[in-house]
Each structure stands twice: as structure tokens, then as C-alpha cells.
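The values are calculated or read from the model by the stated rules, or taken from the named source; none is laboratory data. Computed from a predicted model, the values in this text were never measured in an experiment. Using ideal geometry, Cβ is built from the backbone for each residue, glycine included, and neighbour counts are taken over all protein chains shown. The area values use the complete protein model at the heavy-atom level, side chains included, leaving out ligands, DNA and RNA. Shrake-Rupley method; radii C 1.70, N 1.55, O 1.52, S 1.80 Å.
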Amino acid sequence: MAMNRRDFISTTAATLAGAGVLSSILPTSLLARTLTASDAPAVNIDQLRPTLLPDAQYRTSRLGLDPRIWNWHRDMAAIAMPANYYEASLTDWPALGGFPGNGFPGEQSCEVVVVGGGLLGASTALHLAEAGVDVILVEKDNIGSGASGRNGGQMTPGIARWAAETMLEKFSPDEARRLWRFASVEAMDLVDELRERYGFECDRKYGHITAAIHPGHMGPLVANADARRHLGDSGVNVIGPYELQEEYVRSGIYHGANIDNIGGQVQPLALLRGLVYGFARLGGRVYEGTQVKGIRQEASGAIIETERGVIRASKAVVLGVHGATKKFIAGSSTTVPFFTYVGVTPPLPVDIKALIPSGLPVYDTQLQIDYYRPVRDNRLLFGGQGTGNSWSPRDVNNYLLDRIRTVFPHLEKPELEYSWGGISDLTLNGATDARKSDDNVPVYMVHGWSGHGVAQTVRIGKAISDDFTSRNHDFTMLTRIEHSSIPLGSYLSPMAIPLIKGALGVISTLNPAEMVSF
């Protein structure tokens, strides 16, 4: 699966700002409604609105995690799982054993069931609720336990690893222009619109750097900027090494960069909680700790069997469960799972502007990418690596610290306070796999983000809602991207990922000017 990165890949909403305007359109009884979770006292709905702390506070995590992933903190106790940096930098959020009401009734019904409480599921549920659809959202662990609450928080345009050049190769000019706008300006703007509409914080910042690790990589960066301009996007500028080091990032290992005005960064767990908060304000039902065991079609609708009871969906089912979709769909998987890692330093001994004067997040062009960005209280978030098996905290910390020292050799004795792992999945062609079944009660499914897609998952959630309500054909556009099956993909990952990286490493060694990434 040796892929060149070239082959991989404004409308302002009315501000509702919480209950101020929402109270004029929602029943008073709904605004006053409280939730009772199975392991938490009743709380007011406004406690679901995410609130960022001035800085992270060490605490025990309240999120159930996949047993293959972990959180680490330098002061962690042996018997307790610490919160990762994102959870530690937010005020406590109530557990949603059942919202609204008390627990999970034995049997429920609705128009649409959304399975998976990540960004895709939460965005789909929220947009359906805005369209007046009766929706139930279920999550097997907790909101934010998966990739949506654990990623690097960097927002880059594109459909997974598909950038502008690939879209021009695969689609007609008009179709490529539509797809690029969907995956860039519209995706970023939608995050801003929802943040304003429901009045929540998520540390949204604007701009993004793609830095060339080899002088030969400047050619592909120029080609990318040219392709974007051909698609009507003038939001990227190409700069040389002197301007890059003087004004953007103080590292001597880069040879120039693309400065992207469309990309940016966000606190992903805060964004996710904000979407669920919006959904709850509109009367949505949310159930954490609700594992779906199976989905079957009947004449009366789709039957979603969970460990806590049965849900009957009369009109649609949405799967936002990442690589776990193979449990619910027929045929071979189109993805391979992989593990990736993020760390956060303590407050640095020097002003972070001495390292990143622009304050922009950075994403580089090496085979095994580095990505990093400044976060609150003068800290540096740094991520990278992709492995077939989960690495230990010690191995991850050693790797990330080595990369920090390589990028910023003048930063004396860097340390990590937080680190954690997460699971993503990739497709063979580098694009996201979107499908809609032809069942009487259709099943929507999207997976294969390859570690790229914070904003695009939110935008695709809206596209699913728009397709359901027959508003447009954006989702159909996504389903036209063809994908190859990967038999036993999840089982082959421990062997396939090292083989893929090894092959790409050989290509990169033989021709370092060729921009190849994993």
C-alpha cells in the first residue's frame, strides 16, 4: 500500500447561544428537564455544556476505554486510569446512563437510531434533531471514549488522505470542486456555526502548516496549492525555509511549507460534548454504556438489539462506529485498524512562541508524520506514529520525546505530563468509505478516516441528515468513491502495518525526494 500523499489524500449561522434563544423555540418543560444517569445524580441539562478549565487538572478518567488503549500521566497511581489531557482540561461531565429520564426502558422506538457517540454519530443525531426527526443515540462506552475524544485536534481539509490533486484525478472538474469545498470550507465553517449556535467552547483556532521535511517535498506542496487554486480555493500559500523559521515555526529541519488558512485546531472532546449538548437541548435521547449486539430488518422497521433492551427504528439506522462496522454489515471489510499516539508536555520553561511564533498547528511530510500544536498554559501537544499493535506508554513516551528533541533541539530536557493511545483505521485508496444500504430501513455507514477528519466527520453527519430529509445529494457523492475489500483486515493489522511501513520506508530511503507518508 505504498501511496504518495498526492494520491491519498460562507454562510454564518444565526447564533442561538444556549437557552437565551433556544428558550424561544423549545418548550419550557424541555429546558427544565433533568437527566438521571445510572451512576450519577440528577443534573440540570446546562451541565452538559462543555466548559474548558484554565489548565488541565490531574484526575482519574471517568470514560470507559477499549482494553487495547490506555492513558498515562507522570503522577498516575498503579490502580487508576488517569484522564487524558482533553478530559483533564474540561469540567466534569455527567455520565449519560440514560437521558432524559432514568435509565434505559426495556423497549423503545424512534425514527432513527444512531450507533456510536463520536463526532460522526453526534453530528448526525444533532442535525436530524434540528430537522425535527425523532432520534436515539447509543454509545457502547462513554461519549468521547473513542477516537473522537482522543485525536490530535488538528483540522485539515480533504477526505481522509484525499487531497485536491486526487479529487481532480478521480472526478470531473465540477465534481472535484464540489467535493473539495465540501471537505474544506464547508467542513470548517460548520464547526464554527455549531459552536456559535449552541454557545459552547472548544478552543477553536485558525490556520495550519504543512512543513516539508525534504527539499524535494516542496514540489508536491506547490502542486497541492496549484490544484486547490484550480478548484477555486486560494486559502493556501507556499513559503520558503527562511520565512517559515522566522515567522511560523523555529525549527531548522524544514525546507519550506504550505500555510493553510482553511485548516486549524480544536479541543476535540469539547467539540464532541458540545454537539451532544446541542442534541440534548433539542430533545434527543442519549444512552451511554449501551452495546449494540445486532441489527435486523423486519417489515415494521429495523430492530436494534442492545444489552439493555430493544430499540425499533422506523426510518433509518446510522453506524458511526469506526472499524467496528464489520460487526453489522455483510461482506469483507474495507479498512485496516492501526494505533496512534499523542503526548502533552508540562508548561514549558520557555514561552511557546519561541518555538511556534505563529501559534499554528504543524503537520510534516516525513514518512511517519509528526504533528504538533500549542495548547493552553504554554504546553506543547505532540503526536505521531502508526502501529499494528498497541505500544506501551514507555515506548510511546520515548518515541515522542525523541521526536520533540529532533524538531526543537534547543528545547532543553523536554518532558511529557500526559500521553495516550488511540485506534484509527485506513482504507487502501486513502479515502473515507461511505455507504447506504438499500434495505427498507436504510443503514448509513462511514469509516476509514486514516487519522484525518475531525471537521469532515461533522460535515458528513450533516450530509447524512440532508440525505435522509432529501435536502441534497452530498452523501450520494461520497458513496461514489470506490473501495477495495481487505479480507481479515482487523486480523492482519499487526502484520500488515509493519509491512506497509517497511515498504514505504524502502521507497523513502531510495528516493527521499518522493513525498510518501503513512
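Report in % the part of the accessible area of the chain that belongs to carbon and sulfur, leaving out ligands and nucleic acids; probe 1.4 Å.
Answer for the chain is 52 percent, counting heavy atoms of protein chains only.
Taking a 30 Å limit on the Cα-Cα distance, which of the listed pairs Lys293/Lys315; Lys205/Lys326; Lys170/Lys326; Lys205/Lys315 fall beyond it?
Lys205/Lys326; Lys205/Lys315
Using the Kirkwood radius built from alpha carbon pairs, what does the Stokes-Einstein equation give as D for the range 159-237 at 10 °C and 1.306 mPa s, in µm² per second?
112
Work out Dmax and Rg for the range 134-270 from the C-alpha atoms and quote the Rg first, both in angstrom.
When restricted to Cα atoms, the range 134-270 yields Rg and Dmax of 17.2, 55 Å.
Report the Stokes-Einstein translational diffusion coefficient (µm² s⁻¹, integer) for the range 423-492, Rh taken as the Kirkwood radius over Cα pairs, at 10 °C with viscosity 1.306 mPa s.
D = 121 µm²/s.
Where the Cα atoms of the range 348-399 are projected onto their three principal axes, how long is each span, largest first, in whole Å?
Principal axes ranked by extent give 35, 24, 14 Å for the Cα atoms.
With each label point set 7 Å from Cα along the Cα-Cβ vector, what nm distance links Asn511 and Lys413?
It is 4.6 nm.
Which parts of the range 324-349 would a label at Asp438 reach, counting a residue when its backbone N lies under 17 Å from a point 7 Å out along Cα-to-Cβ?
330-331
Pop the C-beta distance of Asn44 and Glu307 into the FRET formula with R0 = 22 Å and round what comes out to the nearest 0.05.
That pair, Asn44 with Glu307, gives E of 0.15.
Under 5 Å between amide hydrogens, which residues at least 5 positions from Asp370 or on another chain qualify, with H placed 1.01 Å from N in the peptide plane?
Those qualifying (amide H under 5 Å, at least 5 residues apart or on another chain) are Asp364.
With every protein chain kept in place and ligands, DNA and RNA left out, what is the accessible area per residue of the range 221-339? Probe 1.4 Å, answer in Å².
That works out to 36 Å² per residue.
Let me know the Kirkwood hydrodynamic radius for the range 318-472, please, with Cα pairs as the basis and the value in Å to one decimal.
For the range 318-472, the Kirkwood estimate is 17.8 Å.
Can you tell me how much longer the chain between Arg394 and Glu246 gets when fully stretched, taken as 0.36 nm per residue apart minus their C-alpha distance, in nm with one decimal?
Result for the pair: 49.9 nm of gain on full extension.
Normalized C-alpha radius of gyration of the range 304-356, against 2.2 N^0.38 Å?
2.13
Let me make sure I get this right: for the range 67-170, a, b and c are the square roots of the gyration tensor eigenvalues over alpha carbons, sorted descending. Under 1.5 in a/c it's rounded, otherwise prolate if a/b > b/c, else oblate. Which is it?
oblate
Quick one: if you stick a label point 7 Å off each Cα along the C-beta vector at Arg471 and Ser332, how many nm between them?
3.7
For the range 54-103, which semi-axes, largest first and in whole Å, follow from the square roots of 5 times the eigenvalues of its Cα gyration tensor?
Whole-Å semi-axes of the equivalent ellipsoid: 23, 15, 9.
Given H placed 1.01 Å from N in the peptide plane, which residues other than close sequence neighbours of Val318 have an amide H under 5 Å from its amide H?
Correct list: Val113, Val114, Val115, Tyr444.
Give me the percent of DSSP beta bridges within the chain that run antiparallel, rounded to the nearest 5.
75
Can you give me the convex hull volume of the Cα atoms of the range 99-149, divided per residue and expressed in Å³?
83
What base-10 log of the normalised intensity I(q)/I(0) is obtained for the range 194-321 from the Debye formula, alpha carbons as equal point scatterers, at q = 0.13, 0.15, 0.17, 0.18 Å⁻¹?
So the normalised log intensities are -0.78, -0.84, -0.92, -0.98.
Give me the distance in nm between label points sitting 7 Å out from Cα along the Cα-to-Cβ direction at Arg59 and Asp203, one decimal.
Taking the simple label geometry, Arg59 and Asp203 are separated by 1.5 nm.
Quick one: divide the alpha-carbon radius of gyration of the chain by 2.2 N^0.38 Å and tell me what you get.
This ratio for the chain stands at 0.93.
Grab the alpha carbons of the range 251-373, take their convex hull, and tell me the volume per residue in Å³.
211
Can you check how the C-alpha radius of gyration of the range 210-265 compares to 2.2 N^0.38 Å, as a plain ratio?
The value comes to 1.10.
Could you give the accessible area per residue of the range 426-472, probe 1.4 Å, as a whole number in Å²?
Per residue, the range 426-472 has an accessible area of 30 Å².
Express the accessible area of the range 48-131 per residue in Å², computed with a 1.4 Å probe while the remaining protein chains stay in the model.
36
Can you list the residues, at least 5 places off or on another chain, whose amide H is less than 5 Å from the amide H of His214, using H built in the peptide plane?
For His214, the qualifying residues are His255.
How big is the Kirkwood radius of the range 403-454, worked out from every pair of different alpha carbons and given in Å to one decimal?
When all Cα pairs of the range 403-454 are included, the Kirkwood radius is 15.0 Å.
Under the √(5λ) rule applied to the eigenvalues of the Cα gyration tensor, what semi-axes describe the equivalent ellipsoid of the range 319-384? Give them in Å, descending.
After scaling each eigenvalue by five and taking roots: 36, 13, 9 Å.
Give me D for the range 379-428 in µm² s⁻¹, whole number, from Stokes-Einstein with Rh from the Kirkwood sum over alpha-carbon pairs, 10 °C and 1.306 mPa s.
130
Kindly sort Ile404, Ile423 by accessible area of their heavy atoms, largest first, with the probe set to 1.4 Å.
The ranking, largest first, comes out as Ile423, Ile404.
Once the convex hull of the C-alpha atoms of the range 75-120 is built, how many Å³ does it hold per residue, rounded to a whole number?
Looking at the range 75-120, the number lands at 156 Å³ per residue.
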